[in-house]
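Below is one structure, written out as structure tokens, with a few remarks after it.
The values are calculated or read from the model by the stated rules, or taken from the named source; none is laboratory data. These figures come from a predicted structure and were not determined experimentally. Cβ coordinates were reconstructed from backbone atoms using ideal geometry, including for glycine residues, and neighbour counts include every protein chain displayed. Each accessible area value is taken on the protein alone, full model and side chains, heavy atoms only, with ligands, DNA and RNA left out. Shrake-Rupley method; radii C 1.70, N 1.55, O 1.52, S 1.80 Å.
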Amino acid sequence: MARPPRAVFVTLLATALCVGLVSGARAVPGSVQSAQQAPVVLAPAKGAGVAPTAAGVQKALAAFLKDPSLGKHRGIYVYDASRGQAVFSAGTATPFTPASTLKLLTTVSALETLGADHTFTTKVVSAANGSIVLVGGGDPLLATKPAASSDFPARATLQTLAASTAKALKAQGVTRVSLGYDASLFTGPAANANWEPNYLPEGIAARTSALWVNEGRLSPGMAKRSDAPAQAAAAAFAKLLAGYGIAVAPAVRAAVAPAAAKPIAQVASPTLGQIVEYINLHSDNDGAEVLLRQVGLATKNGGSYVGGVKGVRETLTKLGLDVSKARIFDGSGLTRANKVPLELLAGAVRVAASEDHPELRHLLTGLPVAGFTGSLEDRFVAPGTSTGTGLVRAKTGTLTNVHSLAGLARDRTGTLLVFAIATDSVAVPQTLNARAALDRAAAALANCGCAV
């Protein structure tokens, strides 16, 4: 089945969102994202379509259940969101290494604890002896300068902050300052003890900081990360200040901002809803780790790994999800020590799709669309998968030997199905075959009535 042109798809998607998801007509769940257009709110269509049966779903997934490329530990969980009931599961007795599908748990927790409209502030305050302090507020997407091309969401930048700071200082007759930086919002180790030793030196992940630019990268778009991201951000800020006519003393050191100090200038991040969409669309490991710390702070457990994980567990429990069998050690899914039941991964999507939690819709609108966006842009191309193109929306998870997919699709009768599929026992030569098997399973759900 040939793919429709991308422009045609986007037009059809926008139309489908306005009518299909609410009325129960067949449509792609999601929204067209732009800086000018807010995500369309998804409404569950209770009673829509034909009720799927366990036998019908099992029949549709027969090839997946027998596929030898998936190794011995593979599983799938399917939930009928139109009727609010589980339909089918296989291989779910033991939890799986989720890889990046774990981000669903982190981001849904962030939305629940902080709210979709929340923003993170990076500010400059006055300190003693004519000094100023750059204070990190845990903005995961803070950049040095605006992107050369249009990007969503539009990021807060140090350049904007430097321009505002310089203007305010000059209004006070100040043209020379010393600069400190405060990244004390987050505590504990900056890198996860459970990560592979090569993650930091190879630029797979950054040291998490409440103050950084370009997600800790030495330059935008490059893999190499700074060993001291807060200090690097402050050095970049000093250079920008100089460009606006404010001389900065050579020594830039860590400092503690005065508690009662009023900001000289500040910039706000995109909304949390937009950040969540970005993180899940692009499977942004570093952004997810920052949000983990923010969940810890929002739940009064502290801005460390320990506090963040505790906060996520508490929040998921509050949402009615069972975390008793889950082992969670980070926010991104980079560590293999994570073990999560498929029902819990699907549960994050399920609660975000329920009419009881409209505040969580950004979890859904940020999910990649099969064959078109984010980490699914180049997927659903293997034989038997193209029928899911544009109809499946899901978060991907990939580590060596590990592949997972969790999301939703409206089947051809109008029923909204939530699913989680995973394997963590794939032999390396079978990587592409296993990934295609997951795509075929998702496509089968999108194209079955699953009643018989």
statement: Heavy-atom accessible area of the chain with neighbours in place, 1.4 angstrom probe: carbon+sulfur share in percent works out to 56 percent
task: Could you run the Karplus curve 6.51 cos²θ - 1.76 cosθ + 1.60 with θ = phi - 60° over the range 374-379 and give me ³J(HN,Hα) per residue in whole Hz, x for Gly and Pro?
output: x, 6, 9, 4, 9, 9
query: What residues have an amide H closer than 5 Å to that of ALA249, excluding those fewer than 5 places away on the same chain, when H is modeled at 1.01 Å from N in the peptide plane?
result: VAL177, SER178, LEU179
- prompt: Roughly how many Å² of GLU112 are accessible to a 1.4 Å probe, to the nearest 10?
  reply: 40 Å²
message: Given points 7 Å out from each Cα along the Cα-Cβ axis, report the VAL381 to LYS262 separation in nanometres with one decimal.
response: 5.7 nm
task: Report the percentage of all Cα-Cα pairs in the chain whose separation exceeds 30 Å, rounded to a whole percent.
output: 45 percent
message: If each DSSP helix of 4+ residues adds -39,500 (n - 2.57) and the sum is divided by the residues in the chain, what number results at 222 nm, nearest 500 deg cm²/dmol?
response: -9500 deg cm²/dmol
- request: Round to the nearest 10 and give me the degree value, 0 to 90, for the angle of helix 158-171's Cα axis relative to the longest principal axis of the chain.
  value: 30 degrees
- request: Filter the cross-link list LYS103/LYS325; LYS300/LYS339; LYS167/LYS262; LYS325/LYS395 down to pairs whose alpha-carbon distance in this structure exceeds 23 Å.
  value: LYS300/LYS339
- prompt: Rolling a 1.4 angstrom probe over the protein heavy atoms, how many square angstrom per residue are accessible across the range 194-236?
  reply: 44 Å²
field: Principal-axis tilt of helix 229-243 within the chain, Cα atoms, nearest 10 degrees
entry: 50 degrees
query: Separation of the range 130-209 and the range 352-418 by C-alpha centroid, Å?
result: 33 Å
message: Checking the cross-link filter: which aspartates and glutamates have an alpha carbon closer than 15 Å to that of LYS318, excluding same-chain neighbours under 8 positions apart?
response: GLU112, ASP356, GLU359
